[in-house]
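Novice: The structure that follows is given in the form of C-alpha cells.
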Amino acid sequence: MSVIPSTPTSTCSAPAPLLHSRPRVESARTEGPALPAVVGAELQVPTLSGGTTYANLDHAASTPALVAAKEAVDRALETYASVHRGAGHASRLTSAWYEQARAQVAEFVGARADDSVVFTRTTTDSWALLSSALPAATTVFVFASEHHSTLLPWGDDRTVRLPVPRSVEEARSLLGAALARARSVDRDGERLVVVTAASNVTGEVWPIEELARVARVHGARIAVDAAQLSGHRPIDLAGWDVDYVAFSGHKTYAPFGAGVLAGRSDWLDAGTPYLRGGGATRTVGEHGTSWATGPARHEGGSPNVIGAIALAAACATIARHREAIEAHEARLLARLRNGLRSIEGVEQLSAFGDGHDRVGVVAFTVRGLEPSLVSQVLSVEHGIGVRDGRFCAHLLVDDLLADARVTGDTLPGGGLATAVRASIGLGTTVEAVDRLIGAVRELVEAGPAATWSRGDTGWVVSGNDPRDREVARPW
Ligand code: PMP
C-alpha cells in the first residue's frame, strides 16, 4: 500500500526557549557536496564569558535529529492514530507507514528477503530481545572490548569472554581458537558471536566480514552491534554475511525512542515473545496462547510508530547523502586527530594502532589533567560538548589506559582511569573541531582560564557559573 501524506498545515511551536536553536537549511559544513540539515545546528549555549554557538563533539552518545526526521514526525502527527487494529482512515494510514518504515529500515541494513526487522527501543533493548530468544544451550562469544550493552545481556553462565585484541589478526585468532575449543567440547550446541562494528571508545572499525568468516568455519552465528556505525557508514547484513544487526535511532539522527534488531527470523520466531501482550498473539484461549511469528511476536503493546517513522526518514536521508556524510566526517576526523596529535601530552586511545580505519570517535587523555576537569573546562569556558569517563566500556578503557594508570599520568588525584571523548557527525563543524583543538592546547600550555576547585559533587568554577543558569522548560 502506498499512500501520499498530506502537507502539514501547522508545525510545532514551542514556548520561547532561553537557549535558541533553529533548523538549519541544507548546507555544507565542510567543503564538498551538501549535507542533510540537523535540528539545533545554531544552538547558543551559555559560557563563563557570555555565550557561544554549541560545538557538538558528542555524537557517539546521541546525535541531533535530522530536519528530515523531524519533518516526517510533524507530518505523521497530523494523521496520527493507532497502529494495526483500527479500521479508520488515519489508523490505516499510520499502520501503512509503520510497515513502510520497517521496509525502509530493511533496505538500510541490507537485509535478506526472509530477515525479520523488529522495532525495539535501543541497541540495549535489541540485545535483550535477542538474548531472550536464543535457543537453549547457546554459547555466546564476546570480546571484553564491547560496550556493556553488548557485553552483558547474555548472562555469565553462557558467555565466553575474549580478551581485548590489539590487532585484527589477534581478534581473528582469539575468536577462532575459542570457537574451536567450544566445538570440541560440545559439537551440537548453538554458538553466537556478538561483536561491534565500530568502537564507541576508539572509533576503530572492526573487521566484521573476516570475523563472520571465522564464525562460519565453526558453525557459529554472528550478531553485529552497529550503534556507532549506523549514522556514519553503511550496514550490510547480507553482504557481510552476518546473522543479526542492532542499532539505535538516537545515534542515527532520529531521537524518537526507536531502535532495531534485524536478522534471521528462525530463532526470533521460535524464541520467547519479548513483550507478551496485545498484538503479539494469534489467539488466546482458556487452555493456552498461540503467539504470532514475525516482528509482531516481539512488539507487544502499541508500537512506537512515530519513532519508527522518524528512524525510517533518517535512514532514507542518510542513504541519499552517503558520500557527502562520509567525506565530511573523514575530513573532520583527520583534522581532529592531527590537531590533538600536535599537542604535547595528549594521547589518543587505540587498540588497533594509528593507521587503522575508524569512524569519528576519539578518546584521549591530557597529561596531568583529570578528564573530568578537561570536559568541564571545555563546556563552561568554550561551549564545547564532549564527555569524560569510561563510556560504558570499562574493560576496554581499563585495558587501553593500563600504562597511564601505572605511571599515574592521567590521575593526579587517584581514582578510576578515565578519558575524554570527542565524537563528530553531522552536527559538527570545522570551527567546532578547531575550537576543541585550540582549547585543549590552551589548557595544556596555560591551564584553565578560570579558577577551578574540586567540590563534593564535581568541579566548581569561580565566577558566574553558566551551569547554574535557569532554562525555561520546553513544555
Ligand atoms: N553499543 C555501542 C557501541 C554503543 O556506543 C552504545 C551506546 N553508547 C550502545 C551499544 C548502547 O546503545 P543504547 O544506549 O542506544 O542502547
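The values are calculated or read from the model by the stated rules, or taken from the named source; none is laboratory data. Because the structure is predicted, anything quoted here is derived from the model rather than measured. With ideal geometry, Cβ positions are generated from the backbone for all residues, glycine too; neighbour counts draw on all protein chains shown. Accessible surface is based on the protein model in full, side chains and every heavy atom, while ligands, DNA and RNA are left aside. Shrake-Rupley method; radii C 1.70, N 1.55, O 1.52, S 1.80 Å.
Novice: Can you tell me which residues in the range 75-100 are closer than 18 Å to Gly279 by Cα, in contact with a helix residue (DSSP H, G or I) (Cβ under 7 Å, 6 or more places away or on another chain) and of a type in the set (A, V, I, L, M, F, W, C)?
Specialist: Ala81, Val83, Trp97
Novice: Another one. Restricting attention to the range 237-269, report how many residues are more than 16 Å from Thr150 (Cα to Cα) and open to solvent by 10 Å² or more (accessible area, probe 1.4 Å).
Specialist: Within the range 237-269, residues that are more than 16 Å from Thr150 (Cα to Cα) and open to solvent by 10 Å² or more (accessible area, probe 1.4 Å) number 13.
Novice: Among the residues of the range 176-187, write down those that are at pLDDT 95 or above and open to solvent by 30 Å² or more (accessible area, probe 1.4 Å).
Specialist: Answer for the range 176-187, where residues must be at pLDDT 95 or above and open to solvent by 30 Å² or more (accessible area, probe 1.4 Å): Ala177, Ala180, Arg181.
Novice: Would you confirm, using the coordinates I've provided, whether Glu190 is surrounded by fewer than 24 Cβ atoms within 10 Å (Cβ to Cβ), within 13 Å of the ligand (Cβ to nearest atom) and not assigned by TED's automatic domain parsing to the domain that holds Arg337?
Specialist: So Glu190 does not fit the description; no.
Novice: Also: In the range 69-86, which residue that is in a helix (DSSP H, G or I) and open to solvent by 30 Å² or more (accessible area, probe 1.4 Å) is farthest from Leu311 (Cα to Cα)?
Specialist: The selected residue is Glu78.
Novice: Please work out if Ser173 is open to solvent by 10 Å² or more (accessible area, probe 1.4 Å), more than 20 Å from Ile325 (Cα to Cα) and either at pLDDT 95 or above or under 20 Å from the mean Cα position of the chain (by Cα) (or both).
Specialist: In short, yes.
Novice: If we scan the range 137-154, do we find a residue that is at pLDDT below 95 and closer than 29 Å to Glu190 by Cα? Steps first, answer last, please.
Specialist: Going through the range 137-154, the residues at pLDDT below 95 turn out to be 137.
Now restrict to residues that are closer than 29 Å to Glu190 by Cα: 137.
Checked against the condition, which is being at pLDDT below 95 and closer than 29 Å to Glu190 by Cα, the range 137-154 yields at least one hit.
Novice: In the range 146-179, what count of residues is obtained for those that are in contact with a helix residue (DSSP H, G or I) (Cβ under 8 Å, 6 or more places away or on another chain) and of a type in the set (Lys, Arg)?
Specialist: Residues flagged as in contact with a helix residue (DSSP H, G or I) (Cβ under 8 Å, 6 or more places away or on another chain) and of a type in the set (Lys, Arg) within the range 146-179 amount to 2.
Novice: Pick out, from the range 92-166, the strands (runs of 3 or more DSSP E) lying fully within it that include 3 or more residues that are in the same structural domain as Gly259 (by TED's automatic domain parsing), within 16 Å of the ligand (Cβ to nearest atom) and crowded, with 19+ Cβ neighbours inside 10 Å.
Specialist: On the way: elements: 116-120, 138-143, 159-162.
Correct list: 116-120, 138-143.
Novice: Then there's this: Take the conditions open to solvent by less than 20 Å² (accessible area, probe 1.4 Å), part of a loop (DSSP other than H, G, I, E, B) and in contact (Cβ under 8 Å) with a residue 40 or more places away in the chain and apply them to Ala351. Does it pass?
Specialist: yes
Novice: Taking the range 321-348 as the search range and keeping residues that are of a type outside the set (S, T, N, Q) and without any contact (Cβ under 8 Å) to a residue 40 or more places away in the chain, which one is surrounded by the most Cβ atoms within 10 Å (Cβ to Cβ)?
Specialist: Filtering the range 321-348 for residues that are of a type outside the set (S, T, N, Q) and without any contact (Cβ under 8 Å) to a residue 40 or more places away in the chain, the one surrounded by the most Cβ atoms within 10 Å (Cβ to Cβ) comes out as Arg337.
Per-residue answers, yes or no, for (1) among the aromatic types (Phe, Trp, Tyr); (2) touching a Leu at 6+ places or on another chain (Cβ under 7 Å); (3) closer than 28 Å to Ala69 by Cβ:
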position: Gly259; (1), (2), (3): no, no, yes
position: Leu268; (1), (2), (3): no, no, yes
position: Arg276; (1), (2), (3): no, no, no
position: Val284; (1), (2), (3): no, no, no
position: Trp291; (1), (2), (3): yes, no, no
position: His298; (1), (2), (3): no, yes, yes
position: Gly301; (1), (2), (3): no, yes, yes
position: Gly307; (1), (2), (3): no, no, yes
position: Ala312; (1), (2), (3): no, no, yes
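Novice: One residue is enough: does the range 395-414 have a residue meeting the conditions hydroxyl-bearing (Ser, Thr, Tyr), more than 16 Å from the ligand (Cβ to nearest atom) and at pLDDT below 95?
Specialist: yes
Novice: What's the number of the only condition in (1) of a type outside the set (A, V, I, L, M); (2) in contact with a strand residue (DSSP E or B) (Cβ under 8 Å, 6 or more places away or on another chain); (3) closer than 30 Å to His382 by Cα that Ser62 fails to meet?
Specialist: (2)
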